[in-house]
Amino acid sequence: MEKKAILPRIFRGILLITNIGVIIWLLLCKYVSYINPANDPSVLSLISFTCFFALLGNLIFIVIWLLSKRKKRALFSIITIIICWNVVSPLYGINFLGRNKVAPTEEQGLKIMTWNVHMFDLGEWTKDKASKAKIIKLIKDENPDILCLEEFYWDAGTPSEPYTEVLQQLGYPFVSFAMENEMPKNHITSNASRKDTIKVGHAVFSKFPLRNAETYPLFDITYKMLSVEVVIDSSNIFS
């Protein structure tokens, strides 16, 4: 009988420790929201991308405790979610009674688009020959003010090719690069000679002037974060 009583205690103890872990996880997501990665670049900043999963973990534990005899323990995660509401609520775009304070982009503010273009399907991984044209078309249709592209690439000898100049002609004269890797182009596609070399990294295209571009290493020297200042006018500058 004693052994049978011990097992549930161990199980509840494991649940409680795990619950504390996801609570700390969500609190870390709130903490990093106050860190400016431009001033303090750190891998810790990437935790903010896991906020949804930290929230989901806490919601699961709320249900678990409410279905158990120790219902009061659900308060641990409930209180944590309330404390972290400023980082939790944007995940769902919650508004009350149909009221939404976010003004349309056409009326005020900037439209910012971020996209991992995966080297514009250079290796034809999607098996869609029109994928490159579709990417350009979507960017043109969305017409953002600031365009942030991950896994962007450009020819080592001619940075304007193959897509830099195309995007600039769409209305983005200002561009900033952060190179992460340089490699032979024929490693990605067979439609290239051995002499062709490409640079891969991040790019920011803008309708407004860019200045003070900085790159920060993440994990190791291979992965980098790009930070730039966008100058709307003399009194409106943001990064």
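The values are calculated or read from the model by the stated rules, or taken from the named source; none is laboratory data. What you see is a predicted model; the values in this text were computed from it and never measured. Backbone-built Cβ (ideal geometry, glycine too); neighbour counts: all protein chains shown.
Table for the structure above
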{"item": "Residues satisfying the stated conditions in the range 184-210, i.e. touching a Ser or Thr at 6+ places or on another chain (Cβ under 9 Å) and among the basic types (Lys, Arg)", "result": "185"}
{"item": "Yes/no for residue 137 being in the same structural domain as residue 233 (by TED's automatic domain parsing), farther than 27 Å from residue 46 by Cα and free of Cβ contacts under 8 Å to residues at least 60 places away in the same chain", "result": "yes"}
{"item": "Criterion: assigned to a helix (DSSP H, G or I), of a type outside the set (A, V, I, L, M) and modelled with pLDDT of 80 or more - qualifying residue of 80, 126, 114", "result": "80"}
{"item": "Qualifying residue in the range 217-229 (condition: assigned by TED's automatic domain parsing to the domain that holds residue 157, touching a helix residue (DSSP H, G or I) at 6+ places or on another chain (Cβ under 7 Å) and either at pLDDT 80 or above or in a strand (DSSP E or B) (or both))", "result": "yes"}
{"item": "Extreme residue, nearest to residue 162 (Cα to Cα), among residues of the range 174-190 that are touching a Leu at 6+ places or on another chain (Cβ under 9 Å) and not in a strand (DSSP E or B)", "result": "185"}
{"item": "When residues of the range 146-180 are limited to those that are among the acidic types (Asp, Glu) and in contact (Cβ under 8 Å) with a residue 12 or more places away in the chain, the one surrounded by the most Cβ atoms within 10 Å (Cβ to Cβ)", "result": "180"}
